[in-house]
Every structure is written in structure tokens, then in C-alpha cells.
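The values are calculated or read from the model by the stated rules, or taken from the named source; none is laboratory data. What you see is a predicted model; the values in this text were computed from it and never measured. Methodologically, a virtual Cβ is constructed for each residue, glycine included, from the backbone with ideal geometry; neighbour enumeration extends over all protein chains shown. Please note that ligands, DNA and RNA were not included when accessible areas were found on the heavy atoms of the full protein model with its side chains. Shrake-Rupley method; radii C 1.70, N 1.55, O 1.52, S 1.80 Å.
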Amino acid sequence: MKLKRQAQAKTLRDFRKIHRITGVLLFAFFFVVGLSGILLGWKKNSGGLIMAESYKGQSVNLAEWISLDSLHKNACKYLKDSVSPTLSTEVDRIDIRKDKGMVKFTFKDHFTGLQLDGKSGDLLFIEKRRADFIEKIHDGSIIDYYLGWDGYFKLFYTLIMGLALIVFTVTGFWLWYGPKLMRNK
């Protein structure tokens, strides 16, 4: 009985040490993940600060809209004329919002977004895509973005953070439950 209690106490000490070392080594990363997660959770309720409001176009009837090719050409023109002639026009995503009569263009090499009227092709809004930037910080892909890597840092980062959360869950549970188990015996 005494040997079993000593083994349980040693296990508790080992788990406490693992919990403490992991916490110290990954403190800054957990802080960044937590803070960016909070911001992402509130993005739609930020009054346009984190994620821009979606503006409405003239028509929700797709038959009245100009072609996607024309919308793309307009978006590139507005980007060059209204934002900066030096920015890349390589599109990352085209988000069609039929219910709003609007199309959003996001670009691959920067965090600018354009909202265009689907019917006329007119510019509705230029946005700084802060939510996309925060998301890249949250999942670690910001390093890949700035270093031009092919997503390898994100894979490594999410693996380490996921494993660390599992370690914290197991060791934290045992640090809570272990002393209770020892007291009851």
C-alpha cells in the first residue's frame, strides 16, 4: 500500500513538472492563440473594426449581374486606382453574396478586400481584411505568409499546439484528480 502511494506521488510530481515545463515553454504561444481566438470570435460584432460590414448591391437577381470576368477586371482596376498601383491583383477568393447583390474580392499577397455591386460592377467598399490577418496569426500561417513557405510552419505549429493542449488536459486532470484519489485511499 505504501509503495503504491509513493508511486502515485511520484506520478503526480512528474505530471506537475511536465505541466509546468510545457506551460513555461509555450506561454507566449498560448497567449497569442487565446487573444486571437477572442478577436476572431468577436469579429462580426466589432462594428466593422475587425471584419467589415457587407454592403448591398442593386440586385439579388443573378441574371441582371454583369459577368464574373467583368467584375474581376473592375476589381483589379479599382485596386490599382483607389488603393495602390503597386499591389498585386492576384485574386485569392471571390465571395459571391447573392442575397446582398454583392461580390467580395480578396487578394493573395495583401490584406485588401473590395466589395463590388454585382449588377453595375461599381465599387461599394474597400476594406482592410483584419480578420484574415488575425486568423493567420491564430493558426501560425502568418510565418508562412511572410517567409513564402508552403504551409509547413502552420503544420508544425498546429501539431505542437494541439499536442500541448492534450498534454495540458491529461496532466491538468491528473493534478486535480490524483490528490483526491490519494486522500480517499
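Within segment 21-34, restricting attention to residues that are touching a helix residue (DSSP H, G or I) at 6+ places or on another chain (Cβ under 9 Å) and of a type outside the set (S, T, N, Q), which residue is surrounded by the fewest Cβ atoms within 10 Å (Cβ to Cβ)? Spell out how you get there, then give the answer.
Step one: list which residues in segment 21-34 are touching a helix residue (DSSP H, G or I) at 6+ places or on another chain (Cβ under 9 Å), which gives 22-23, 25-26, 29-30, 32-33.
Still in the list and also of a type outside the set (S, T, N, Q): 23, 25-26, 29-30, 32-33.
On the way: Gly23: 15, Leu25: 11, Leu26: 17, Phe29: 14, Phe30: 15, Val32: 15, Val33: 19.
By that ranking, first place goes to Leu25.
Could you check, for segment 58-73, whether at least one of its residues is at positive phi and not in a strand (DSSP E or B)?
Taking every residue of segment 58-73 in turn, none turns out to be at positive phi and not in a strand (DSSP E or B).
For Ile50, the stated conditions do not hold, so it cannot be described as under 30 Å from Met161 (Cα atoms) and not in a loop (DSSP other than H, G, I, E, B). Quick check on my filter: what residues within segment 94-125 are open to solvent by less than 10 Å² (accessible area, probe 1.4 Å) and either of a type in the set (Gly, Ala, Ser) or at pLDDT below 95 (or both)? Hits for segment 94-125 are Gly101, Gly113, Gly118, Gly121. Scanning segment 126-168 for residues that are under 30 Å from Pro85 (Cβ atoms) and of a type in the set (Asp, Glu), which turns out surrounded by the fewest Cβ atoms within 10 Å (Cβ to Cβ)? That would be Asp150.
Of all residues in segment 94-110, count the ones that are over 16 Å from Arg129 (Cα atoms), charged (D, E, K, R) and either touching a residue at least 40 places away in the same chain (Cβ under 8 Å) or in a strand (DSSP E or B) (or both). Don't jump to the end; show me each part of the working.
To start, the set of residues in segment 94-110 that are over 16 Å from Arg129 (Cα atoms) comprises 96-102.
Filter again for charged (D, E, K, R), leaving 97-100.
Those still in the list that are either touching a residue at least 40 places away in the same chain (Cβ under 8 Å) or in a strand (DSSP E or B) (or both) too: 97, 100.
The number of residues fulfilling the criteria is 2.
For segment 56-93, the candidate set comprises residues that are touching a helix residue (DSSP H, G or I) at 6+ places or on another chain (Cβ under 7 Å) and open to solvent by 70 Å² or more (accessible area, probe 1.4 Å); within that set, the residue that is nearest to Ile134 (Cα to Cα) is Lys56. The condition (being more than 27 Å from Leu147 (Cα to Cα), of a type outside the set (Val, Ile, Thr) and touching a Phe, Trp or Tyr at 6+ places or on another chain (Cβ under 9 Å)) is satisfied by just one residue among Gly48, Gly57, Gly113: Gly57.
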